[in-house]
Amino acid sequence: MNEKTLPVPGDEKCHPPADWGRSPITGYTREHWESAADRLLESAWRWASPSGAALNPPGPASASGPASDGLEGFARSMLIAAFRVAGSGGTDRRGWLARYARGLQAGTARPGDPLPAGTAAEPWPVIGDHFDGGQPMVEAASVALALRLTRPWLWDLLDPLVQERAVDWLSGALRAVPAPNNWYLFPYTVAGFLESVGRGSEETRAARRRALALLEGWYGGDGWYADGEGRAFDQYNGWAMHFYPVLDAWMDGRTDVHVDRLETFLARFRYQFGSDGAPVYMGRSMTYRWAAGTAIAVGALTGRTPISPGQSRRLLSGSLRYFLERGALNEHGLPSLGWHGEHAPTVQDYSGPASPLWAAKAFVCLLAPRDSALWTATEELAPVERESRMLADPVPNFLIQATADDGIVRLHNHGSDKVRPYQEAGAAGADPLYARLAYSSATGPTRAGEPEDNHVGVNWRGNRSARRRIHPIGAADHGCWGWAASWHRPVFATGSTSIPGMTVESYVVACGSTEVRIQRVRGALYDVVLECSGWAVPQGSALESTLENLQGFVSRETAVAPSGTAFGAGPAAVPRLTAPVRGDGTFVARARLAPHGTRGAGIEDVEVSADGARVRFRFVPSSAPPERSGDPLNAPLSIVVDMAQQTVQEARR
């Protein structure tokens, strides 16, 4: 049968019937996860090399090249198989582990090594330093973790010669230099496997000490690790920084500080999923899609989670179903390089055709026993379905704005920039996945080089500035409203790289679906034009994005981003306000992302002090019916933003 005619995991005919009794929200059960895993593995193995050491689906090669990409397909799919078989107590009716055993034998074979008839050597790339062919180090961690999870049914049955060759290849991860971020957890994971099979050494102990020491240095509190030095806070916190050490502890049967931190992290992280199941789209590697739920799955597996079993499954299954129903799988039945479908701006140069199979990590949920509460409890509403919520996350300096009436989660980013302390924060490195003021579960950033959504910057002599290094001011939540703030130095890609002494302070105060955005420009030595933009929505979207002047802006326009966003292939509309500035100036706007026909809280009595350091305004209840307002207010709410004192408070009149 031609691959294009085969059903893919998103098709209903590939899944067991929906169980609306046990899963009244998604219909998904453990059987749906098992089915999805099997279908992904079947699809991946259609592209296996003759001896099975490489799985190379069609598509553009990554920067590491086809050989590394083939190993990536093998390793990442192997992790799915490991969760599938280990979670079934070793039952392997489809013979997945036998395929990986043969591929392991071929991939680690050396010249002259004896091989069974019909198997030829297909050597894997040597594990090098991160700057010199280092991608195999990433894949070594998946191979090692899979071997550890399936030891009784795979590793222990291998010929001793094959075991030795595998140890030799994996040990390369202990000697090569990782990238200065989550990569240090890859030799940590390899070392954990080697020690578990009696191959520990000073090298394995050193690799684990290095990783744990760095992890401590990167820990900022409240369950948040930066992905390396600096302020890179993103999905890697869940699917890497928590995943590897907590799963390692679980396999060892121990509890440590990393388990405690996961539980702390999940208390807020559970609010980062929309009612449709979509995670907030922010940061790199979003093509891993439903891997965003990995930390929730690990919490459910270990029992160290503040999320109930029914809600955990609802979040996990909601995310899986969201993508399967929106074209995330290509004609070959594999996750495409993109978000819904293919989407080049979502992808980084390290991603090859099989890279999206890192979505494998969410299948860690299959390690929870079939009779565990994760699978037997009745699904419960997601947090955003229960209530609207403002939630400050002080370590990354995020404000989460979740509205129950439309199911959208918005993340206001006033602290994550992915700029290393030792890096020059020039405009050339500006990344739409980190530089924007806000992200959401229903919108994506526009493509680099096109009109920017949720941006604040200045236009100086025809050059538009970038927001690079973000300096947090603070974030707090107060029931139905909350705020977050930061400042940055505008930098330029051409001409003079900056205007000496010029800064932009940015505050957002949100209530319901309404946002008040305040921009304070200081030290503009020359005539510049301040530019502020709102949410980008594809044409024809059920959502609308509004941006209205409240103080100081003089013109308004709608820019068009021709390439759209990850949420829609057509052009996206971006509302934008502008104002000329010289010296200092304070500007206030009302922004909103919500379904068409809804209103949200209004804004009245906007006052800006003579020095521009103090802004006062009132949220007022919408006149629309409650179901069309997105407004939690039943009385006016007066707010005072004091930028000199860096405080935002409710004013008592």
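Short-range pairs are left out: with C-alpha atoms under 8 Å and at least six residues apart, the relative contact order of the stretch 525-653 is 21 percent. Normalised by the number of residues in the stretch 142-212, the average gap of Cα pairs under 8 Å and 6 or more apart makes the relative contact order 32 percent.
Taking amide H as placed 1.01 Å from N in the peptide plane, the amide H of residue 498 sits under 5 Å from that of 492, each at least 5 places away or on another chain.
When Lys and Arg each count +1 and Asp and Glu each count -1, what net charge do the other residues less than 14 Å away from residue 305, Cβ to Cβ, add up to? Spelling it out: positives minus negatives among the neighbours equals +3. Between residue 494 and residue 168, the modelled label-to-label distance comes to 5.5 nm, taking each label 7 Å out from Cα in the direction of the beta carbon.
Sorting 535-541, 489-495, 514-520 by their mean Cβ neighbour count within 10 Å, with the most densely packed peptide first, gives 514-520, 535-541, 489-495. Out of residues 5 or more away from residue 177 or on other chains, whose amide H comes under 5 Å of its own, with H placed 1.01 Å from N in the peptide plane? Close amide H contacts, sequence-distant or interchain: 129, 130.
Quick one: pull the percent of accessible area on the stretch 173-272 belonging to carbon and sulfur, 1.4 Å probe, ligands and nucleic acids left out.
Exposed carbon and sulfur together represent 49 percent of the surface.
The angle between the Cα long axis of helix 135-149 and the longest principal axis of the Cα atoms of the chain comes to about 60 degrees, rounded to the nearest 10. Label reach from residue 159 (point 7 Å along Cα→C-beta): in the stretch 80-123, amide nitrogens under 14 Å belong to 101-122.
The slack between residue 120 and residue 19, meaning 0.36 nm per residue of separation minus the straight C-alpha distance, is 31.8 nm. Computed from backbone phi with θ = phi - 60° and the Karplus coefficients 6.51, -1.76 and 1.60, the 3J(HN,Hα) list for the stretch 359-373 is 4, 3, 4, 5, 6, 4, 4, 5, 6, 5, x, 4, 9, 6, 4 Hz; x is used for glycine and proline.
Between the helical axis of 257-269 and the longest alpha-carbon principal axis of the chain there is an angle of about 50 degrees. Each peptide in 60-72, 262-274 gets a packing score, the mean of other Cβ atoms within 10 Å over its residues, and the list from highest to lowest is 262-274, 60-72. Counting protein heavy atoms only, the stretch 334-443 has 51 percent of its accessible area on carbon and sulfur, 1.4 angstrom probe. Given the choices [x] 19, 51, 26, 4, 0; [y] 15, 32, 31, 20, 3; [z] 17, 43, 26, 13, 1, P(r) over Cα pairs in 20 Å bins from 0, in percent derived from the coordinates of this structure is entry [x].
Taking θ as phi - 60° and the Karplus parameters 6.51, -1.76 and 1.60, the scalar couplings of the stretch 451-457 work out to x, 8, 8, 6, 10, 10, x Hz in sequence order, x denoting glycine and proline. Taking a Cβ cut-off of under 12 Å around residue 227, the surrounding Lys, Arg, Asp and Glu residues balance to a net charge of +1, with basic ones at +1 and acidic ones at -1. Per residue, the solvent-accessible area of the stretch 148-288 (1.4 Å probe, heavy atoms of protein chains only, all protein chains present) comes to 32 Å². With Cα atoms defining each centre, the stretch 309-381 and the stretch 479-529 are spaced 36 Å apart in the structure. For the stretch 325-394, GluC sites (Glu not before Pro) are listed when DSSP marks them as loop and at most 15 other Cβ atoms sit within 10 Å of their Cβ; the list is 325, 331, 387. Of the peptides 584-597, 229-242, the ranking by mean beta-carbon count within 10 Å, highest at the top, reads 229-242, 584-597. Computed from phi, the 3J(HN,Hα) profile of the stretch 294-303 under the Karplus parametrisation 6.51, -1.76, 1.60 (θ = phi - 60°) reads 4, 4, 5, 5, 5, x, 5, 4, 7, x Hz, with x in place of Gly and Pro.
Per DSSP helix of 4 or more residues, -39500 (n - 2.57); summed, then divided by the residues of the chain. What does that give at 222 nm, rounded to the nearest 500?
Numbers: 14 runs with 169 residues, N = 653.
About -8000 deg cm²/dmol.
Computed extension length for residue 555-residue 373: 59.9 nm, one decimal, from 0.36 nm per residue of separation with the Cα-Cα distance subtracted. Working from Cα pairs under 8 Å separated by at least six residues, relative contact order for the chain is 10 percent. The local environment of residue 161, defined by Cβ-Cβ distances under 15 Å, has a net charge of -1 under the rule Lys, Arg +1 and Asp, Glu -1.
The values are calculated or read from the model by the stated rules, or taken from the named source; none is laboratory data. Please read all numbers here as calculations on a predicted model, not as lab measurements. With ideal geometry, Cβ positions are generated from the backbone for all residues, glycine too; neighbour counts draw on all protein chains shown. Each accessible area value is taken on the protein alone, full model and side chains, heavy atoms only, with ligands, DNA and RNA left out. Shrake-Rupley method; radii C 1.70, N 1.55, O 1.52, S 1.80 Å.
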